[in-house]
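Visitor: I'd like to ask some things about the structure below.
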Amino acid sequence: MKIYFYGGVETVTGSNFLLEGFKEKLIIDCGLIQKERTCDLENFEDFEYNPTEIKAVLVTHAHLDHIGRIPKLIKDGFKGYIYSLKPTRDLAKEILEDSLKVIEENCAEYNKENFYTERDIEQTLLRWDTVDYHQELNFDEFSAIFFQAGHILGSAFILINHKPTNKKFVFSGDLGNKFKSLDSDLEPLPETDYLVLESTYGDRNHENVKERLNILERIIERVIKEKRVLIIPTFALERAQEIIYDIQSLIEDKKIPEIKMFLDSPLAYRISKIYEKYPEYLDKEVKRIISAKGLFEKEYVKIINEKSEEKIIFESPTPKIILAGSGMVTGGRIIDLLKKYIEDEKTTILFIGFQAENSLGRKILEGAKEIYLDDKEYKVRAEVLSLLSYSAHRDQSGILEWIYPQRFILKKIFLTHGDQKVKEIFRLKIMDEYAIDVYIPQKSQFFEL
């Protein structure tokens, strides 16, 4: 048996793993590679395996860096089926259709033809089947079970059993932050021989929910007092829903006054409707509130659907909060907002999620004094803050707690989805505490098991 690492290594994005048995091959995730742009040049390259030989694709969740190249896989000859939880399929439709516009913009910059079309997305969805948590999915040589990952709506980690040898593999996908307010909790790690493990925050720990809310409260109180503009670059899937839910909670609990909020992301609004469609996958308290009121149905929350409506934001008096995509400032409507506000000292930019290496968001967060937006230089005079406990990823202590019950069973751990320095730190931490063999795969590397 072999496991191949074709993406999600040497970078945080582009998840793509291949599990090869004696006669059968499974793909786990097939995501978009994102660096300085939403769509990196590497996405245009051929797959390093033959898509026609793949039995099935198993999808952990609907983030673009886990699903963004599945239509390319279809276009290049994959004939099997794709499997995930039900909400993941619904979310994937929105994410893939929306991202196509941004990818086409990147194609124009690269002077390249797009590697898939709307028709390929349609074909993808036609071949996308769904399972429930704990439902066994059987192939000739493998079986698979999806467990709650607590990362985003419908997210899963996947236990795969190789039936002829009874060797077990867990692919973590992305593991949910234990300090979250929307999703059900991450389930315990089942017994497994091998673990392909995300390491995005393998070198640090997050604030807890109470601390996070207190920090957010203080930031907004200051924004209101000083009549500032608070800009929050946010991912349309999960992060937008979670932070608006928390701000609404602060207002409803009389911790802060009402403040005008603009959601400059029609995609985030459409995704919120999918959350309302699947309340059974959410935390019990969130389920009760969303079922009764909806997520964004407040007078002080204004949804900006058309780009032409952005003038409403600009003309609105301060103080105000603006949420817009993309979360790592790699494209989307956040660019226009930064052009308008980043040179203003009365602006606060709050980063609430991971910023990939070389992304514009990472450069701003690390203190860049000048940035380029659409080839024009802008001075960064805005205040820049971060509240990374809004990350949907589990932190170091949380992952170690998850591994702990299986520490004597695990034979090998493969670290993926992390900056190289972070993976090195986390590798030493796991080996020191649990004495498990930990490997950091390189791109295209495979291991015989």
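Visitor: What's the extension gain from residue 254 to residue 376 if we count 0.36 nm per residue and subtract their Cα-Cα distance?
Guide: Gain in length upon complete extension: 39.7 nm.
Visitor: Using only the alpha-carbon atoms of segment 233-272, report the extent along each of the three principal axes, biggest first, to the nearest angstrom.
Guide: 29, 17, 16
Visitor: How large is the charge dipole for segment 134-248, taken about the Cα centre, if only the Cβ atoms of Lys, Arg (+1) and Asp, Glu (-1) carry charge, to the nearest 20 debye?
Guide: Numbers: 14 positive and 19 negative charges, 122 e Å.
The calculation lands at about 580 debye.
Visitor: Work out from phi, with θ = phi - 60° and the Karplus expression 6.51 cos²θ - 1.76 cosθ + 1.60, the ³J(HN,Hα) of each residue of segment 212-225, listed in order in whole Hz, and give x for Gly and Pro.
Guide: Here the 3J(HN,Hα) series is 4, 5, 5, 5, 4, 4, 5, 4, 5, 4, 5, 4, 5, 4 Hz.
Visitor: Using the alpha-carbon atoms, what tilt in degrees (0 to 90, nearest 10) does helix 86-110 show relative to the longest principal axis of the chain?
Guide: For helix 86-110, the angle is close to 70 degrees.
Visitor: Taking only the alpha carbons of segment 21-83, what extent do you get along each of the three principal axes, in Å, biggest first?
Guide: For segment 21-83, the Cα spread along each principal axis is 39, 23, 19 Å.
Visitor: With only Lys, Arg, Asp and Glu charged, each at its Cβ (+1 for the first two, -1 for the last two), find how big the charge dipole of the chain is about the Cα centre; round to the nearest 20 debye.
Guide: 700
Visitor: Okay, moving on. Treating segment 1-50 as a set of equal point scatterers at the Cα positions, no solvent, please give the Debye-formula log₁₀ I(q)/I(0) at q = 0.15, 0.17, 0.22 Å⁻¹.
Guide: After summing over all Cα pairs, the log10 values are -0.42, -0.52, -0.78.
Visitor: Right, next: Output the peptides 96-104, 240-248, 303-311, 162-170 sorted from most to least packed, where packing is the average of other Cβ atoms within 10 Å over each peptide's residues.
Guide: Per-residue mean Cβ counts within 10 Å order the peptides as 240-248, 96-104, 162-170, 303-311.
Visitor: Taking loop as defined by DSSP and a crowding limit of 14 other beta carbons within 10 Å, which chymotrypsin sites (Phe, Trp or Tyr not before Pro) in segment 2-102 fit?
Guide: 22
Visitor: Now for a different question. Tell me the Rg and the Dmax, in Å, that the Cα atoms of segment 89-137 produce.
Guide: In order Rg, Dmax, the Cα atoms of segment 89-137 give 14.2, 45 Å.
Visitor: Report, to one decimal in Å, the Kirkwood hydrodynamic radius for segment 154-235 based on all distinct Cα pairs.
Guide: On the way: mean 1/r = 0.0615 Å⁻¹.
Its Kirkwood hydrodynamic radius stands at 16.3 Å.
Visitor: May I pose another question? Which angle from 0 to 90°, rounded to the nearest 10, does the C-alpha axis of helix 284-293 make with the longest principal axis of the chain?
Guide: 50
Visitor: Could you work out what % of the accessible surface of the chain is carbon and sulfur, using a 1.4 angstrom probe and leaving DNA, RNA and ligands out of the count?
Guide: 45
Visitor: Follow-up question, since we're still on this one. In sequence order, what are the phi-derived ³J(HN,Hα) couplings for segment 360-371 according to the Karplus relation 6.51 cos²θ - 1.76 cosθ + 1.60 with θ = phi - 60°, rounded to whole Hz, with x for glycine and proline?
Guide: Each residue's phi maps through the Karplus curve to give 5, x, 4, 5, 5, 4, 8, x, 4, 8, 9, 9 Hz.
Visitor: Helix-derived [θ] at 222 nm for the chain: sum -39500 (n - 2.57) over DSSP H runs of at least 4, divide by residue count, nearest 500?
Guide: Result for the chain, helices only: -9500 deg cm²/dmol.
Visitor: Something else now. Expressed as an acute angle from 0 to 90° and rounded to the nearest 10, what is the orientation of the C-alpha long axis of helix 239-252 relative to the principal long axis of the chain?
Guide: 50
Visitor: Per residue, how many Å² of accessible area does segment 175-242 show with a 1.4 Å probe? Working shown, then result.
Guide: Details: 2390 Å² over 68 residues.
Averaged over the residues of segment 175-242, the accessible area is 35 Å².
The values are calculated or read from the model by the stated rules, or taken from the named source; none is laboratory data. Predicted, not measured: the structure shown is a model, and the values here were computed from it. Neighbour counts are summed over all protein chains in view; Cβ atoms, including those assigned to glycine, are modelled from backbone coordinates with ideal geometry. Calculation scope for accessible area: heavy atoms of the full protein, side chains included, ligands and nucleic acids excluded. Shrake-Rupley method; radii C 1.70, N 1.55, O 1.52, S 1.80 Å.
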